[in-house]
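Novice: First the structure, then my questions, so here it is.
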Amino acid sequence: MRGTVSINVNARSYTVDVDTRATLVDLLREQLGLTGTHLGCGTGNCGACTVLLNGDTVKACCVLAAEVDGRDITTIEALSTSAENLHPIQRAFVKHQGLQCGFCTPGMVLSAVQLLRENPEPTDDEIRHGIAGNLCRCTGYQFIVDAIRAAAEELRRG
Amino acid sequence: MDLAAVLEAVSERPYGTKLLAGGMSLVPMMNLGLARPETVVSLSRVSELVFVDESRTTVGIGSMTTHRRIAADQILLRECGMLSEAARGIGDVQVRNRGTLGGSLAHGDPAADYLPVLCACRARCEVASTRGSRWIDADALVVDIMQTSLEPDEVVVQVEVPKRAQRTGSAFARFVRVEGNYAIVTAAAVATEDSVRVVVGGATGTPIAFEVQMEDTQAAGAHVVDELEAGIFAAAGDAYGDIAGSADYRRAMARVFCRRVAKQALASLWREGGTA
């Protein structure tokens with residue numbers, strides 16, 4: 001079965017014909033070509049497909065495309081326009097080597113966006129809880145925690 | 001879409017239809033091919049199922065209320081703090097943003113975080129179909145592993161938690177190897193001046209409860225905890241085993257966590273003057 005959804009992705013409106021079995025990550029990657037959102041496990045564990053749905057993080061592999069009609073989605077593509085113009089959180093990930101292979105990074109960064117919006121001055125423990133839904137198999141997490149702590153400081157300085 | 005339209009849609013083909021709440025369990029199961037429903041009816045637009053309302057004696061929580069809201073809701077923090085505590089430990093940030101109370105209950109996982117809490121504080125669930133609505137006591141909701149007492153055409157509408165009528169101490173604990181994973185056992189206790197009730201989930205197919213009543217729980221001291229532990233251990237005789245732990249291990253953990261929450265609930269009742 002197919003249906004039409006109208007969505008706002010990164011402040012741009014789309015009307016898309018979707019398979020009702022498709023998930024939001026399928027819609028973003030396959031139909032809109034927004035491949036910054038990664039598909040890892042497909043079972044809601046790894047968090048690589050994390051996007052903001054009406055401002056809050058969700059795992060896009062666990063949301064049906066048909067359910068997002070009329071909603072606002074923000075993907076990693078919205079955070080910066082070029083490598084020279086990165087979001088402060090992205091800059092901190094680069095500076096503190098908060099990534100190695102990069103597969104988890106879009107989801108990690110978006111989880112950090114939600115965390116720092118709600119808690120601009122998190123403790124290390126709160127940072128770890130904030131990224132608990134995002135798995136990284138390279139860094140051992142410490143550099144990611146360092147990056148988010150540094151990004152929080154920079155964002156507070158404004 | 002409103003609830004009436006959902007009930008109508010489900011009633012047309014109750015056996016082939018699966019209700020989709022937050023999708024945190026159902027969508028992964030569909031992605032893995034473990035669930036292959038003919039029809040999926042989503043509740044995500046049914047805004048009338050999102051609420052936390054209090055009356056004089058109860059708090060009603062709409063079934064589509066997210067874990068995120070339950071974790072931080074001021075009414076619940078005041079009236080049933082351990083439900084908020086249970087919500088804070090579910091999954092991770094993304095799961096709590098999307099997952100719902102009703103979805104968790106209807107899924108029927110015996111180790112679900114809310115269930116022992118709701119059983120311990122004697123909550124009940126309103127379920128509805130085109131045939132009308134009825135109330136199910138929380139301890140009668142999950143009848144075995146992934147099996148509930150819901151009829152195929154019934155939808156969880158709300159959970160009603162009684163406000164505490166007297167001085168109460170409560171405690172919740174979940175035992176898990178990695179934070180955010182499914183719990184091995186969950187336990188909740190409610191202590192009053194003359195009774196202590198402990199409910200343990202996850203050890204057996206359906207939550208096990210044991211209650212001790214006496215004239216004065218403070219005077220009874222450690223004896224109350226021993227009696228509860230023995231009661232829960234006896235009730236956990238048909239514990240199940242899986243990859244996370246054998247049946248014997250689960251039964252042993254039921255005993256350990258029963259003891260832990262009972263002591264905490266009594267401590268909060270007598271030392272700190274009671275908690276929600």
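The values are calculated or read from the model by the stated rules, or taken from the named source; none is laboratory data. Values in this document were obtained by computation on a predicted structure and should not be read as measured data. As a convention, Cβ positions derive from the backbone with ideal geometry for all residues, glycine included, and neighbour counts pool all protein chains shown. Quick note on the areas: whole protein, heavy atoms, side chains included, nothing else; ligands and nucleic acids left out. Shrake-Rupley method; radii C 1.70, N 1.55, O 1.52, S 1.80 Å.
Novice: For the pair A:ARG21 and B:THR58, what calculated FRET efficiency results from E = 1/(1 + (r/R0)^6), where r is the Cβ-Cβ distance and R0 = 41 Å, to the nearest 0.05?
Specialist: FRET efficiency, B:THR58 to A:ARG21: 0.55.
Novice: To the nearest 20 Debye, how big is the dipole of chain B about its Cα centre, given +1 on the beta carbon of each Lys and Arg and -1 on that of each Asp and Glu?
Specialist: I would put it at about 640 debye.
Novice: What GluC sites (Glu not before Pro) does the range A:52-158 have in DSSP loop regions with at most 13 other beta carbons within 10 Å?
Specialist: Filter output for the range A:52-158: A:GLU84.
Novice: At 0.36 nm per residue, and after removing the present C-alpha to C-alpha distance, how many nm does the segment from B:ARG167 to B:GLU12 gain when stretched out fully?
Specialist: Numbers: separation 155, 0.36 × 155 = 55.80 nm, distance 4.77 nm.
Once the chain is fully extended between B:ARG167 and B:GLU12, it gains 51.0 nm.
Novice: Taking the Cα centre of the range B:12-170 as origin, work out the dipole magnitude from +1 charges on Lys and Arg Cβ and -1 charges on Asp and Glu Cβ, in debye rounded to 20.
Specialist: Working: 18 positive and 19 negative charges, 78 e Å.
Dipole size: approximately 380 debye.
Novice: So, with a 1.4 angstrom probe, what is the percent of accessible area on the range A:1-138 that is carbon and sulfur?
Specialist: The computed percentage sits at 48.
Novice: For B:MET214 and B:ARG88 in the same chain, what is the full-extension length gain: residue separation times 0.36 nm, less their Cα-Cα distance, in nm?
Specialist: Computed gain between B:MET214 and B:ARG88 is 42.1 nm.
Novice: With springs connecting C-alpha atoms under 10 Å apart, model chain A as a Gaussian network and identify which of A:LEU135, A:LEU115, A:LEU32 has the largest mean-square fluctuation.
Specialist: In the Gaussian network model the winner is A:LEU32.
Novice: Please work out whether the range A:70-158 counts as rounded, prolate or oblate from its C-alpha gyration tensor, where a ≥ b ≥ c are the square roots of the eigenvalues and a/c under 1.5 means rounded, while otherwise a/b larger than b/c means prolate and anything else oblate?
Specialist: Rounded, because the longest to shortest axis ratio a/c is under 1.5.
Novice: OK, next. Quick one: compute the contact order of chain A, relative version, from alpha carbon pairs under 8 angstrom and 6+ residues apart, as a percent.
Specialist: Worked out over chain A, it gives 23 percent.
Novice: Follow-up question, since we're still on this one. Please give me, ordered by residue number, the trypsin sites (Lys or Arg not before Pro) of the range B:27-115 that lie in loop per DSSP and have at most 15 other Cβ atoms within 10 Å.
Specialist: Details: sites: B:ARG45, B:ARG56, B:ARG68, B:ARG69, B:ARG78, B:ARG88, B:ARG96, B:ARG98; in loops: B:ARG45, B:ARG56.
Answer by residue number: B:ARG45, B:ARG56.
Novice: Let me ask something else. Give me the distance between the Cα centres of the range A:59-115 and the range A:1-53, rounded to whole Å.
Specialist: With the range A:59-115 and the range A:1-53 each reduced to a Cα centre, they are spaced 14 Å.
Novice: What does the charge dipole of the range B:121-276 about its Cα centre add up to, to the nearest 20 debye, if the Cβ of each Lys and Arg holds +1 and the Cβ of each Asp and Glu holds -1? Before the final figure, lay out each step's value.
Specialist: Working: 17 positive and 21 negative charges, 93 e Å.
Once rounded to the nearest 20, the dipole reads 440 debye.
Novice: Once you order the gyration tensor axes a ≥ b ≥ c over the Cα atoms, which shape class does the range A:1-61 get: rounded for a/c under 1.5, otherwise prolate or oblate by comparing a/b with b/c?
Specialist: Oblate, because a/c is 1.5 or more while a/b does not exceed b/c.
Novice: For chain B, take the longest principal axis of its alpha carbons; what is the angle in degrees between that and the long axis of helix B:222-235, to the nearest 10 within 0 to 90?
Specialist: Helix B:222-235 and the main axis of chain B meet at about 40 degrees.
Novice: Can you give the accessible area buried between chains B and A, summed over both chains, with a 1.4 Å probe, in Å² to the nearest 100?
Specialist: The summed interface area works out to 1800 Å².
Novice: Which of rounded, prolate, oblate describes the range B:2-113, given a ≥ b ≥ c as roots of the alpha-carbon gyration tensor eigenvalues and a/c under 1.5 marking rounded, otherwise prolate only if a/b is larger than b/c?
Specialist: The shape class here is oblate.
Novice: Using a Förster radius of 41 Å, what is the FRET efficiency between A:ASP125 and B:ARG36 based on their Cβ-Cβ separation? Nearest 0.05, please.
Specialist: Details: r = 41 Å, r/R0 = 1.00.
The value I calculate is 0.50.
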